[in-house]
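See structure below.
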Amino acid sequence: NEHIPLLLDALKEGNLEKIKVAIEDKIHVPYRSTLIADYDKVKEVCDNYNLPMTISGSGSTLLIIYQEGRKIKEVIAALKKEKMKYPFILKKANFVK
């Protein structure tokens with residue numbers, strides 16, 4: 001699979017565009033996304049801000065990848081404006097270089 005090397009390079013570079021391409025899934029995400037309430041709303045917000053987003057594991061956790069200082073407060077505000085079926089919790093993951 002050519003997505004794995006692309007993802008590793010993209011993460012190393014901090015390139016969100018490459019990450020977005022590398023995490024595209026045409027098998028599991030289309031099926032599982034229909035099982036996750038609010039998936040489409042979160043995906044739309046992330047697309048509006050050009051942020052990579054996918055389902056983490058088998059779901060229902062959604063993973064949004066962003067860089068510090070890149071309008072994340074605006075993204076959070078946009079997500080909070082959506083009428084979500086379930087509340088969401090944001091967790092920040094820190095990576096060591």
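The values are calculated or read from the model by the stated rules, or taken from the named source; none is laboratory data. Since the model is a prediction, treat every value here as computed from it, not as a measurement. Heads up, the Cβs are rebuilt from the backbone with ideal geometry, glycines too, and the neighbour counts pull from every protein chain shown. Just the protein is used for accessible areas: all its heavy atoms, side chains included, with ligands, DNA and RNA removed. Shrake-Rupley method; radii C 1.70, N 1.55, O 1.52, S 1.80 Å.
For the range 11-52, the square roots a ≥ b ≥ c of the C-alpha gyration tensor eigenvalues yield an a/c of 1.5 or more together with a/b not exceeding b/c, which makes the shape oblate.
Of Ile36, Ile55, Ile64, which has the largest mean-square fluctuation in a 10 Å C-alpha GNM of the chain? So, out of Ile36, Ile55, Ile64, the one fluctuating most is Ile36.
Other residues whose C-beta falls under 15 angstrom from the C-beta of Ser60 contribute a net charge of +3, scoring Lys and Arg +1 and Asp and Glu -1. In this Cβ point-charge picture (+1 for Lys and Arg, -1 for Asp and Glu), the chain has a dipole of about 440 debye about its Cα centre.
In straight-distance terms, cross-link reach from Lys73 covers every one of the lysines whose alpha-carbon lies under 25 Å from its own, apart from those fewer than eight places away in the same chain; here that gives Lys12, Lys18, Lys20, Lys41, Lys43, Lys81, Lys83, Lys85, Lys91, Lys92, Lys97. Label separation (Lys81 vs Asp25): 2.9 nm, computed from points 7 Å beyond Cα along the C-beta direction.
In the full protein context, the chain carries 77 Å² of accessible surface per residue, based on a 1.4 Å probe and ignoring ligands, DNA and RNA.
Each residue of the range 60-67 was assigned a 3J(HN,Hα) from its phi angle through the Karplus curve 6.51 cos²θ - 1.76 cosθ + 1.60 (θ = phi - 60°); the sequence is 8, 7, 10, 10, 10, 9, 8, 10 Hz, with glycine and proline shown as x. Computed with every protein chain present, the accessible area of Val21 is close to 70 Å² [probe 1.4 Å]. Full extension of the segment from Asn15 to Asn48, taken as 0.36 nm per residue of separation minus the current Cα-Cα distance, would add 10.2 nm.
Each eigenvalue of the Cα gyration tensor of the chain, multiplied by 5 and square-rooted, gives one semi-axis; in descending order these are 22, 18, 11 Å.
Taking all protein chains as present, what is the carbon and sulfur share of the accessible area of the range 1-61, in % to the nearest whole number, probe 1.4 Å? The partial results should precede the final answer.
Details: 2030 of 3960 Å².
The C+S portion of the solvent-accessible surface of the range 1-61 is 51 percent.
Rounded to the nearest 10 square angstrom, Ser56 shows an accessible area of 50 square angstrom against a 1.4 Å probe.
Please give the calculated 222 nm ellipticity per residue for the chain, where each DSSP H segment of at least 4 residues contributes -39500 (n - 2.57) and the sum is spread over every residue; nearest 500 deg cm²/dmol? Show your work: numbers first, answer last.
Values: 5 runs with 44 residues, N = 97.
Calculated from helices alone, the mean residue ellipticity at 222 nm is -12500 deg cm²/dmol.
Looking at the chain as a GNM with Cα springs under 10 Å, which of Gly57, Gly69, Gly14 has the largest mean-square fluctuation? Answer for the Gaussian network model of the chain: Gly69. The accessible area of Asp25, taken with all protein chains in place and a 1.4 Å probe, comes to roughly 50 Å².
Remark on Thr61: its backbone amide H falls under 5 Å from those of Ser56, a criterion applied only to residues 5 or more positions apart or on other chains, H modelled at 1.01 Å from N.
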